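Here is the structure we will look at.
The values are calculated or read from the model by the stated rules, or taken from the named source; none is laboratory data. All figures in this text were calculated on a predicted structure; none of them were measured in a lab. Here the Cβ positions follow ideal geometry from the backbone for every residue, glycine too, while neighbour counts run over all protein chains shown. Remember, those area values only see protein heavy atoms, side chains included, never the ligands or the DNA or RNA. Shrake-Rupley method; radii C 1.70, N 1.55, O 1.52, S 1.80 Å.
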Amino acid sequence: MPVRPLDILNKSLKSPVIVRLKGGREFRGILDGYDIHMNLVLLNAEEIQGGEIVRRVGSVIIRGDTVVFVSPFPGGE
Amino acid sequence: MPVRPLDILNKSLKSPVIVRLKGGREFRGILDGYDIHMNLVLLNAEEIQGGEIVRRVGSVIIRGDTVVFVSPFPGGE
Amino acid sequence: MPVRPLDILNKSLKSPVIVRLKGGREFRGILDGYDIHMNLVLLNAEEIQGGEIVRRVGSVIIRGDTVVFVSPFPGGE
Amino acid sequence: MPVRPLDILNKSLKSPVIVRLKGGREFRGILDGYDIHMNLVLLNAEEIQGGEIVRRVGSVIIRGDTVVFVSPFPGGE
Amino acid sequence: MPVRPLDILNKSLKSPVIVRLKGGREFRGILDGYDIHMNLVLLNAEEIQGGEIVRRVGSVIIRGDTVVFVSPFPGGE
Amino acid sequence: MPVRPLDILNKSLKSPVIVRLKGGREFRGILDGYDIHMNLVLLNAEEIQGGEIVRRVGSVIIRGDTVVFVSPFPGGE
Amino acid sequence: MPVRPLDILNKSLKSPVIVRLKGGREFRGILDGYDIHMNLVLLNAEEIQGGEIVRRVGSVIIRGDTVVFVSPFPGGE
């Protein structure tokens, strides 16, 4: 039985993730929630553009429609 | 159980939020309502473009389809 | 209970609204109707582009899919 | 009770309308039909681009997905 | 009762049509089939770009999602 | 009764097809499968861009959402 | 009976795949999961842009909405 993408989101709860958005922006933060549309809630999040942190927010709700990918942070280059 | 994104919207009612729209515009205002499509109602809202306030409105209904993210305002940089 | 975005549209019936469309155009007119897709009917409407009125129409049906936001007109800057 | 956008389309049957499409093209013609997706049928239609008539067709089926707005023709500037 | 757009497609079966696609391409050919998504089947079709025939195909299935409009060919300018 | 677009896909199974994607890329290969979303499976496929083969793959799953048209290969110019 | 695209995904589980995203990025990695929306889970994945590896991640969840095609890696040129 294949792994379900939402199961991986569930396993990543309370852990740091990178979220790439359409248009090239990224958020990094602690995954605090999600729903079946892949709407996401991040805590202690940084918005990154061109490698630079452009905003820090205590919490952010990201619409799933704008998400390209989500990756658990450790294991990045 | 994961936090649901709409629960966070609900907790943000009557509080200031930043709403980033596709194309780069932002609204800041008091979150007064929402629905399951993430359509939002803001009160005393400012539309911001390139860091400048370009419009002030008493209330605005934002279509969820155009929303990239919503963030409770305090905690920003 | 949160305010529902469509309730705000309902309260704005027969009143002047600004409608921002994707791509930057705006309509101003009297909100005469709407449906759950946020398709809108405006009366005595002006289409505005770059601050200039480019068209006046007695009535116009705007597809919700193209709407970015709707704002009751009074209260603007 | 608000006016429903499709009711206005219905009232415009057999009358001239302007249809603005995404990307800036327009059609003008006699509204002969529609459905709930706002797919439209125009008769004796002219396709207009940059103010110039670029095509005349006896009938045309326009996909609702590409429609920005529909306006009954009389009352235009 | 309004004419239904799919009824017009049905009446155009076995007849030449012009199909305008998003992005500006066109197909001309004999309409051989369609479905409720406005997916289309054309026979003896020519793909046209900038007024030039760029491809001839015996048959082609066009996804409705990419269709801007369909027009029965006779009656064009 | 009109020909159904998916019937034509079915008749093209095990035969060479051209698949045009949004953005201008094409795949050519043997149609091995499809579903109602027009997701496609091609075997022995070539990805073509600007008339050049840029990739050869043993099999590829193409998302229907990105498909502009599918054409049985023989009969092309 | 045609091959179903999701069956091919299923057969590719635990095997290397290339995933092309809208906008030109690619991921290469071991397919670990998927769902009916073609959301994908890759392990030991590399993000590639312009032929260069720009990121390595232990796991990544890719939204199906952004996928153009998925190809089992062996058999590529």
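Brief remarks on what is shown
- Taking the axis that rotates chain F onto chain G, the chain F residue nearest to it by Cβ, with the distance rounded to whole Å, is F:Asp65, 8.
- Span from the segment A:36-77 Cα centroid across to the segment G:25-54 one, whole angstrom: 18
- On the principal axes of its alpha-carbon atoms, the protein assembly as shown has extents of 63, 63, 33 Å, going from largest to smallest.
- Label sites at A:Asn44 and C:Asn44, each approximated as a point 7 angstrom past Cα along Cα to Cβ, lie 5.7 nm apart.
- With all pairs of different C-alpha atoms in the average, the Kirkwood value for the hydrodynamic radius of segment B:5-68 is 11.6 Å.
- Within segment D:5-72: Cβ-based charge dipole about Cα centre, in debye rounded to nearest 20 (Lys, Arg +1; Asp, Glu -1): 80
- Estimated buried accessible area (total), pair C and D, 1.4 Å, Å² to nearest 100: 2000
- Residue among B:Val54, B:Val41, B:Val67 with the largest mean-square fluctuation in a Gaussian network model of chain B, springs linking Cα atoms under 10 Å: B:Val54
- Using C-alpha pairs under 8 Å with a sequence gap of at least 6, the mean separation divided by the residue count of chain E gives a relative contact order of 30 percent.
- Computed helical MRE - 222 nm, chain A, DSSP H runs ≥ 4 contributing -39500 (n - 2.57), nearest 500: -2500 deg cm²/dmol
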